[in-house]
Structures are given as C-alpha cells and as structure tokens.
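Reviewing the structure listed below.
Taken together, the values in this text are just the output of simple stated rules run on the coordinates, not laboratory data. Remember, it's a predicted structure, so these values are computed and weren't measured experimentally. Here the Cβ is made from the backbone with ideal geometry for all residues, glycine too, and neighbour counts use every protein chain on show.
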C-alpha cells in the first residue's frame, strides 16, 4: 500500500490543495494511493488562529481527496519553519505507514532544493546582514549564497528565487528533516500551476463587512475553493460557529499584555520583542487588527515571529518548553474516509507513538507520560482560545469524535 504524506494547513482548503492531492497520486502512479495529511490545529505556522475550526477544515480535506487527517501539536504547528517542518515530518514518520511525501513548490528550479539542503547559512554573514538592517529572510538568503562563491549570476538568481518563496523555504526544511530523521520517504516536489492563495482568500474573508452572512461568504469564496469544501464550510457556518474574530484576538492580546508584568519567558518573546509589543499596543490599542499589525511590523521582527510570540503568551507557552521539548508525544487523528480507516488499522500496529482518536484517549495516557500530558494540555488550551474567537463553547472538542467521510 502506498501512503502519500502531505503537510498542509487548509486555512482554508482551496483549489490548489485539491490539485496537489490529485497530482501527488499521479506522481506515485497509483490512483488508489492513500493520502495522509498532517495539518495545523487551532493556530497555524504564521502564528495566528486558523480562520475555521480544525474539524471543519478536516471535513473539507476528506471530501476533496484526503483519506486521513492528523493534527500537528500546537507547539510545532505555531512555530518557525524549521520547528514546524521537524514536527510535521516526525509525525508522518512515526505513523510507520507513510511511503511517499509530496509538497508544492513555487521556485523556478525545484531541484536546487536538494543541493541547498546540504548547506547551512554562514553565521558570520547572517549576523552581518541582520546588523546592517536587512530583514531575516533576505539575510538568510545572503548567508546561504556565501556557500557558493564560484557560482555564476544565473545560479545565484535561482538560489535567491528559491529562498524568497515561502513554499520552497518550507520544502527545503522538509527535505532537511527527512534526511535528519532518516525517514526514507520518496520525495515528490510538485510545481504550483494554479494561482490559488490561502492568504488572498483569508484577506477577502476578513475584508467582508459581515463574515457571518452565509450568502456573502458563498459569493466571496465561489470558484476559489472546491464546491465540496465550500459546502462543508457553509453548512457549519450557517449553524453554530463563524469565522475567527481577529479583532477579538487582538483585544485578548492587549488584555494579556496589560495583566502580565513580565512576558520575557514567553516563547519567541526574546531579543527585546516584549518591549516593542508592549509599547506598540499602548499606542495603538484602539485600532483594529490590521492597523495594529501594520504598526507592529519592522525589519527586525517579522510579523509571523510577532504573532507566534503573542499566541504563545495567550497559551502560556514558554521559551523553556520550546527548548526542552523537541519531539511529538502522540498522534492525534482528526478524521478519515473508508480507505483511511483501513490505513489507520495498519497504523495502529506500526505507529511509534500513542494514537489518540478522542480527547478521552489522552486521559488514559496521562498517568504514565508527563510529557504527553503537558503537550496535550497545551493543545487543549490553544483550542479553547480559538473556540472563543469562533463562537464555540470551551472544551467543545471533548464531544467531537474524528470526522468520518464516506
């Protein structure tokens, strides 16, 4: 059985995701290959809450080609690309069933990523470029280029192109992690052909005057996401939840900063970021989410870094925890299809970590594994914070079994 691993956020699921799944099966040469996606939960890699709850995003993925959806724990999902990639690849590897991995790339020459995966950025060059005022992505690009002193200008431009594209940067980290963990996956890099952007779709959603109007959302999303995914979204949004309230998210941040005199131990909050956030929020707390985000942005601190720090503050995630917890403690199943159910049965015999289908499963593991308890409770807290932004009740996920799509 061929099992294709895909790392995604489905925030939201769009036409490009459906195309990736279809072309991954074509690359493997097996239309019946099982597609297993590992997905961010309540918070995504850029540090913000996901636009929709994880069970709704899971349902859309299952209706559009995925067979199994697993959740990346918060501490790895809401993290820089290196830690995100480490958690995602470890999750796929620890299932014991994944044979292939496919990911989308958006650079001119994807094969250059295999070469770049063998080199590390020159630390001296990186420090020099950062001190000169260059932002981190550009500085890292120059630090990597330092390993290619004899390259002609054409090759340097290919390298720069790869290192400025977000999907290609993640792909590079995936390749490095596959090698580090000796996962042995067959790699399939798939060049993006559709002009689908989750960022632009989210901007369209957040730009609506009334994001709770099902009709307005339908008009906005029509043609940008597959019909089956759209149906899954609208059926839930018309009932008991709505799009994540980013204004409320920023209000929560302001309140947390106000009542926390010292946030320096918070994950990603070092390097004087605490003072920058505190000062900016004092000046701009009456502004909306977009206005505050614009005021927070600097060359020195990227917005994903700031969002990760602020979301870590809300969840109580500390820098000490980030430093000492380098591995996943469990595999959380979010949903599956009929074909996925068979794959999960095999995974139950092969997995190298405990498998959790329902929250109650974790309770049975708590007494014998303190690290699992700590990691899972962080996930629960992150989900409760997002629940407040979605109009859902606290601890709602205790009542939800994995999504089953037929």
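Computed quantities for the displayed model
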| item | result |
| --- | --- |
| Selection from the range 283-314 of residues that are within 22 Å of the chain's Cα centre (by Cα), in a helix (DSSP H, G or I) and more than 23 Å from residue 207 (Cα to Cα) | 305, 309, 312, 313, 314 |
| Some residue of the range 330-350 being under 19 Å from the mean Cα position of the chain (by Cα) and assigned to a loop (DSSP other than H, G, I, E, B) | yes |
| Members of the range 242-265 that are out of contact with any strand residue (DSSP E or B) (no Cβ under 9 Å at 6 or more places or on another chain), assigned to a helix (DSSP H, G or I) and in contact (Cβ under 8 Å) with a residue 60 or more places away in the chain | 248, 252, 253 |
| Search result, residues across the range 351-375 that are within 23 Å of the chain's Cα centre (by Cα) and assigned to a helix (DSSP H, G or I) | 359, 362, 371, 372, 373, 374, 375 |
| Residue match in the range 48-66 (condition: under 17 Å from residue 171 (Cα atoms), touching a residue at least 60 places away in the same chain (Cβ under 8 Å) and touching a helix residue (DSSP H, G or I) at 6+ places or on another chain (Cβ under 9 Å)) | no |
| Residue in the range 158-166 that is over 24 Å from the mean Cα position of the chain (by Cα) and either in contact (Cβ under 8 Å) with a residue 24 or more places away in the chain or buried (at least 18 other Cβ atoms within 10 Å of the Cβ) (or both) present | yes |
| Boolean, residue 143 is over 24 Å from residue 8 (Cβ atoms) and either under 22 Å from the mean Cα position of the chain (by Cα) or surrounded by 21 or more Cβ atoms within 10 Å (Cβ to Cβ) (or both) | yes |
| Test for residue 331: is it exposed (fewer than 15 other Cβ atoms within 10 Å of the Cβ) and touching a residue at least 24 places away in the same chain (Cβ under 8 Å) | no |
| Some residue of the range 266-277 being under 18 Å from residue 43 (Cα atoms) and either in a helix (DSSP H, G or I) or free of Cβ contacts under 8 Å to residues at least 12 places away in the same chain (or both) | no |
